[in-house]
Amino acid sequence: RTCPALKKALELVSADSLLEEYKIKYQKYSKLPQASQNKFSTDMAKGLQFLPSYFKYSGACAGCGQTAYIKILTMINGTNMMIANATGCSSIYGGTFGSCPYGKDENGGIFWANSLFEDNAEFGLGIRLGSKFNKTKDKKVWIIGGDGWAYDIGFGGLDHILASGEDVNILILDNQTYSNTGGQASKATPTGASVKFAENGKTLRKKNIGEIAMSYKDVFVAQVALGGNINQTIKSLYDAQNYKGVSLVIAYAPCVNQGFDMSNMMSEMRKAVDCGFWPIYQYNPIDKSLTLFSELNEDNYFDFLKGERRFVSTIEKGYSKLLEKQKEDAIENYKNLEKLAEINKNKN
């Protein structure tokens, strides 16, 4: 067999020889007319696709489950938004020195700033209070970060914001590990997942941040998965920022550390939702309604787990009972959501 390297898969040439050519191509592309439509609602993917995205060349890992949610937020808001971004993957591809994926238009650009792991929630609240005090244009404030920030290091601040009653929006990009440091266990890591510092499978259950937030009763909460239900995801983001108070959106964001072909990221999300691993729901404090948008299919649960290296590794090491415990936890979690949905339904 011929070594692929001998076929010149990569050829080193001077960037200067290509730069002018690609500048011309980019300028030509930039002048193309924006497609317009008024036949379809932008609450759905069919209509939203015609709106411009202001999140462009992020440099994230190929197939990253996080970036699509941020892209949708910019399509919903244009440049009418301010982002407080916790340190993590989303800050690295969101604002690495020398580049920025956030675009601008005739109204200006998206306000974006990065804060530390431990105080990003307070940082975002400060942006909100500052804009109120200065009586500046009421741009939508989004506090964005990963599960390492939200579930662990920054949870104290996040909990403070959940109890504040302020009109701020929080997006948790949940990939269930500290992915930016190579895939270490966090409180968002599910039972039985093999990751750094839990190589034989995590022994404790995943923190249920959605139910914690719902216990305040006045916080809008949605758990979403783009590949599980794209229109529910879009609607939840709209509903979250239209709610006058604290809103929390927990978004399932698969990562390369989970150990599957990232070109199948959307279908992998669908499997996670269909089996009950990641239930999708929405709690609206206005009418105290909890709506479930997914089902629990126990028979497919282990088929999903066996498709990801983080769980296969646990089985190979002889710790499969941890995965059985995970399934029990998932069933309990889903049934709790069903009960809450039924209770709220009867109250109304």
Consider T136 against the criteria (1) surrounded by fewer than 17 Cβ atoms within 10 Å (Cβ to Cβ); (2) of a type in the set (V, I, T); (3) under 16 Å from the mean Cα position of the chain (by Cα): it satisfies all of them except one. Which criterion is unmet? (3)
Of the residues that make up the stretch 73-96, is at least one more than 19 Å from V249 (Cβ to Cβ), buried (at least 16 other Cβ atoms within 10 Å of the Cβ) and at pLDDT below 90? yes
Pairs with Cβ under 8 Å, 6+ apart, first in the stretch 209-221 and in contact (Cβ under 8 Å) with a residue 12 or more places away in the chain and of a type in the set (A, V, I, L, M), second part of a loop (DSSP other than H, G, I, E, B) and surrounded by 21 or more Cβ atoms within 10 Å (Cβ to Cβ): I209/A188; A213/V219; V219/V246
Residue by residue through the stretch 104-113, note down the ones that are surrounded by fewer than 20 Cβ atoms within 10 Å (Cβ to Cβ) and not basic (K, R). D105, E106, N107, G108, G109, F111, W112, A113
Those residues of the stretch 308-323 which are open to solvent by 70 Å² or more (accessible area, probe 1.4 Å), touching a residue at least 40 places away in the same chain (Cβ under 8 Å) and among the charged types (D, E, K, R), in sequence order: R309, K317
Would you confirm, using the coordinates I've provided, whether K187 is under 26 Å from L116 (Cβ atoms) and either outside any helix (DSSP H, G or I) or in contact (Cβ under 8 Å) with a residue 40 or more places away in the chain (or both)? yes
Out of (1) part of a loop (DSSP other than H, G, I, E, B); (2) loosely packed, with under 12 Cβ neighbours inside 10 Å, the odd one out for L296 is which? (2)
Criterion violated by N264 - all others in (1) among the polar types (S, T, N, Q); (2) farther than 20 Å from K306 by Cβ; (3) more than 15 Å from the chain's Cα centre (by Cα) satisfied: (2)
I153 vs. criteria in contact with a helix residue (DSSP H, G or I) (Cβ under 8 Å, 6 or more places away or on another chain), β-branched (V, I, T) and without any contact (Cβ under 8 Å) to a residue 40 or more places away in the chain: yes
Looking at (1) more than 24 Å from K306 (Cβ to Cβ); (2) of a type in the set (V, I, T); (3) open to solvent by 10 Å² or more (accessible area, probe 1.4 Å), which one does I143 not meet, given that it meets all the others? (3)
Scanning for something under 23 Å from Q326 (Cβ atoms) and part of a loop (DSSP other than H, G, I, E, B), does the stretch 216-224 turn up at least one residue? no
Is it the case that the stretch 211-220 has a residue that's of a type in the set (S, T, Y) and within 25 Å of I72 (Cα to Cα)? no
Any residue that is closer than 30 Å to F302 by Cβ, hydroxyl-bearing (S, T, Y) and surrounded by fewer than 20 Cβ atoms within 10 Å (Cβ to Cβ) - is there at least one of those in the stretch 172-191? yes
Between a residue in the stretch 227-248 that is in contact (Cβ under 8 Å) with a residue 12 or more places away in the chain and any residue that is in a helix (DSSP H, G or I) and of a type outside the set (A, V, I, L, M), which pairs come within a Cβ distance under 6 Å, given they are 6 or more apart or on different chains? G227/R270; G228/R270
Restricted to the stretch 91-142, and to residues that are of a type in the set (A, V, I, L, M) and either touching a residue at least 60 places away in the same chain (Cβ under 8 Å) or in a loop (DSSP other than H, G, I, E, B) (or both), which residue is farthest from T79 (Cα to Cα)? L116
Of the residues in the stretch 256-284, those that are in contact with a strand residue (DSSP E or B) (Cβ under 9 Å, 6 or more places away or on another chain), assigned to a helix (DSSP H, G or I) and under 18 Å from E298 (Cβ atoms) number 2
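The values are calculated or read from the model by the stated rules, or taken from the named source; none is laboratory data. The structure displayed is predicted, hence computed values, not measured ones. Note that we place each Cβ from the backbone using ideal geometry, even for glycine, and neighbour counts take in every protein chain shown. With ligands, DNA and RNA removed, areas are computed over all heavy atoms of the protein, side chains included. Shrake-Rupley method; radii C 1.70, N 1.55, O 1.52, S 1.80 Å.
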